[in-house]
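Some notes on the structure that comes next.
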Amino acid sequence: MPDYKAPLREIKFVMDELLEMPKHYASIPAYAEVATPDMVEAIIAEGAKFCEQELAPINRTGDIEGCTRHEDGSVTTPTGFKEAYAKYVEGGWPSLAHEEEHGGQGLPESLGIVMSEMVGTANWSWGMYPGLSHGAMNTIELHGTSEQKETYLTKLVSGEWTGTMCLTEPHCGSDLGILKSKAEANADGSYSISGTKIFISAGEHDMAENIVHIVLARLPGAPEGTKGISLFIVPKFLPNEDGTIGERNAVSCGSIEHKMGIHGNATCVMNFDGAKGWLIGPENKGLNCMFTFMNTARIGTALQGSTAAEASFQGALAYAKDRLAMRSLSGPKAPEKAADPIIVHPDVRRMLLTQKAFSEGGRALVYLAAQQNDIVKKGEDEAERKAADELLGFLTPIAKAFLTEVGCEATNLGVQVFGGHGFIAEWGMEQLVRDTKIATIYEGTTGIQALDLLGRKVLMTQGESLKNFTKIVHKFCQAEEGNEDMAQFVAPLAALNKEWGDLTMKVGMGAMKNRDEVGSASVDYLMYSGYAVLGYLWARMAKVAQDALAAGTTEEDYYKAKIATARFYFTRILPRTKGHAESMLAGADTLMDIAEEHFAF
Ligand SMILES: Cc1cc2nc3c(=O)[nH]c(=O)nc-3n(C[C@H](O)[C@H](O)[C@H](O)COP(=O)(O)OP(=O)(O)OC[C@H]3O[C@@H](n4cnc5c(N)ncnc54)[C@H](O)[C@@H]3O)c2cc1C
């Protein structure tokens, strides 16, 4: 795999030009002083160096070596992981976007996302260790008591300890309402947690001295289903009064999974054998509290889709410029060579541009979501906070499921650009395919995200969340009316924006007669929505580029390429919405008519 190069120009384009982050930071008092343009630039540059020099070199070796569980239940991470984590902690990276009162740097979440992007593109498996800690920190920050914050949050923020998220059990993942882990109250105010959790990322490892598990379990007599689940902090080592680690808790790693990808991340079966834990948040409201964790994690997972597209694109682009095969159909382009580089062939360009469109569009979407998160967390105006929260809620399932699905497509295209060499391990392109697939599964599968979008977010709000977003798109289209250069983007976008509402009405009407219509339409609806959201963002990116060209720029080629990519997206990717529109209206009968026993052959 070619060396990872942080796409700093692209990051700057989205941060400064598309989303106007400097203005955004200046408008939020909590960030105005800390997230100054110089500071932001310095952090991104330092982060890029760390990811390129420390993480990328141990990506492929981490895949080959994987994690090892020893007889005593301890787990060793691949060579170099522990040392890289020590440097990460030394650099103060875990504390970037956390509150100053707990040792954080108080910087915005959206800046943390830029760092997460670079970490994830350089080495996703490694990035999951601090990634899960980040979610644990957010949960304790929002729902923990001041004592819990003092004991656990400060250690997580400093990076001395890491965190996990323990939801899944052998018999349930999507349906947490049927989980069985138990919590029984002890006389001292703590709880005894018993049960088995599976697939726990970073559940056991050698990178930090303590691991803080955030665990879902049921109290005795709790109501059945999701209304009877509580949330607990269960540390691997019980903390002493002075903050040092004390007695080993009764939680251990029973085994680690042998899996398709992300070999450098330990996926653990965790056994809780009466482990001591403490309640976070109110009894039986654990799932509500866990949503904080899950929402952070979902945006983080959405990022995996676009980082996968970026990593695969970087590899495929370098290869396509170098690899020679046949001559261009329109005449030789490199007559001095034995054959032309494959980048001259239209089909290779189709693959590269698809990757580029998803990578750059995905970055824009994830950063936009992170920008809303900044407002939700620190905005001063109640109405703005509410609007940002609604927009974030609407965008989260789309970003998570759509970007990971197209991220998988992009990594497959990366293999294809390499031909046979893509299938061979040494180039690293097949690793990206293997590493990325999980992103469509964990943090809620594509199917579950689609139900969340269409059912909970759209239909249950009588289409309000969709209308809020289509109003934003409509406003953009209206503002560009009469701009001839933008007509190629604005006309199809405006038509799509209207169709989106019409389709929602039709699906909603169908659902009133038969609830299966929701599940039957949902994934097509989600993919349609993803293409539409990216269409809006590509149109905005084209507008930024046109304005830059009109104003006069020394980077003419850069901005022209941006417009060309937008044109590619609108003419060759966006038409996929037609298929999804037709398919989502095909009706539940087309899926449900075959009786279960007739599936067999
Ligand atoms: C490598 C890896 C790392 C993971 N990390 C963690 C972790 O750190 N912490 C943690 O708690 N879990 C973790 N998980 C678990 C992961 O979140 C679950 O696997 C995921 O939520 C799906 O649950 P499941 O495997 O039980 O599948 P199931 O819930 O059994 O789903 C199987 C299929 O049925 C579909 N389905 C289920 N219900 C519906 C429905 N109502 N409508 C439509 N379709 C439906 C799903 O979309 C899916 O396609 C990890 C898993 C893996 C493999």
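Key figures
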quantity	calculated
Those residues of the stretch 156-194 which are in contact with an Asp or Glu (Cβ under 9 Å, 6 or more places away or on another chain) and in a loop (DSSP other than H, G, I, E, B), in sequence order	159, 160, 179, 180, 181
Those residues of the stretch 123-139 which are over 21 Å from residue 60 (Cα atoms) and open to solvent by 10 Å² or more (accessible area, probe 1.4 Å), in sequence order	132, 134, 138
Residues that are open to solvent by less than 90 Å² (accessible area, probe 1.4 Å) and not hydrophobic (A, V, I, L, M, F, W, C), drawn from the stretch 557-570	558, 559, 562, 565, 569
Flag if residue 466 is of a type in the set (A, V, I, L, M, F, W, C) and within 16 Å of the ligand (Cβ to nearest atom)	no
Residue in the stretch 101-111 that is within 16 Å of the ligand (Cβ to nearest atom), among the acidic types (Asp, Glu) and farther than 25 Å from residue 307 by Cβ present	no
Residue 272 crowded, with 24+ Cβ neighbours inside 10 Å, out of contact with any strand residue (DSSP E or B) (no Cβ under 9 Å at 6 or more places or on another chain) and touching a residue at least 40 places away in the same chain (Cβ under 8 Å)	no
Qualifying position, being within 24 Å of residue 126 (Cβ to Cβ), touching a Pro at 6+ places or on another chain (Cβ under 6 Å) and open to solvent by less than 10 Å² (accessible area, probe 1.4 Å), among 47, 62	62
Residue 200 being more than 14 Å from the ligand (Cβ to nearest atom), in contact (Cβ under 8 Å) with a residue 12 or more places away in the chain and open to solvent by less than 20 Å² (accessible area, probe 1.4 Å)	no
Helices (runs of 4 or more DSSP H) lying entirely in the stretch 372-459 (those with 2 or more residues that are among the aliphatic types (A, V, I, L, M) and within 22 Å of the chain's Cα centre (by Cα))	382-417, 429-437, 446-451
Pick from the stretch 571-601, criterion within 25 Å of residue 491 (Cβ to Cβ) and touching an Asp or Glu at 6+ places or on another chain (Cβ under 9 Å), ranking: surrounded by the fewest Cβ atoms within 10 Å (Cβ to Cβ)	582
Criterion: open to solvent by less than 20 Å² (accessible area, probe 1.4 Å) and basic (Lys, Arg) - qualifying residue of 434, 363, 350	363
In the stretch 172-194, the residues that are within 8 Å of the ligand (Cβ to nearest atom) and open to solvent by 20 Å² or more (accessible area, probe 1.4 Å)	173, 174, 175
Among (1) surrounded by 23 or more Cβ atoms within 10 Å (Cβ to Cβ); (2) among the charged types (D, E, K, R); (3) free of Cβ contacts under 8 Å to residues at least 12 places away in the same chain, the one test that residue 109 misses	(3)
Residues within the stretch 9-26 that are part of a helix (DSSP H, G or I), farther than 13 Å from residue 360 by Cβ and open to solvent by 80 Å² or more (accessible area, probe 1.4 Å), tallied	1
Residue identified as within 16 Å of the ligand (Cβ to nearest atom) and either over 29 Å from residue 516 (Cα atoms) or not acidic (Asp, Glu) (or both) among 461, 445	445
Qualifying positions in the stretch 207-242 - closer than 20 Å to residue 154 by Cβ and of a type in the set (Gly, Ala, Ser)	208
Residue within the stretch 219-231 that is open to solvent by less than 40 Å² (accessible area, probe 1.4 Å), under 22 Å from residue 199 (Cβ atoms) and away from the ligand (no atom under 15 Å from the Cβ) present	yes
In the stretch 157-171, the residues that are out of contact with any Lys or Arg (no Cβ under 7 Å at 6 or more places or on another chain) and within 9 Å of the ligand (Cβ to nearest atom)	164, 165, 167, 170, 171
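The values are calculated or read from the model by the stated rules, or taken from the named source; none is laboratory data. Note that the structure is a prediction, hence the values are computed from the model and not measured. A quick note on method: Cβ atoms are made from the backbone with ideal geometry, for glycine too, and the neighbour counts reach across all protein chains shown. Surface accessibility is based on the protein's heavy atoms, side chains included, excluding ligands, DNA and RNA. Shrake-Rupley method; radii C 1.70, N 1.55, O 1.52, S 1.80 Å.
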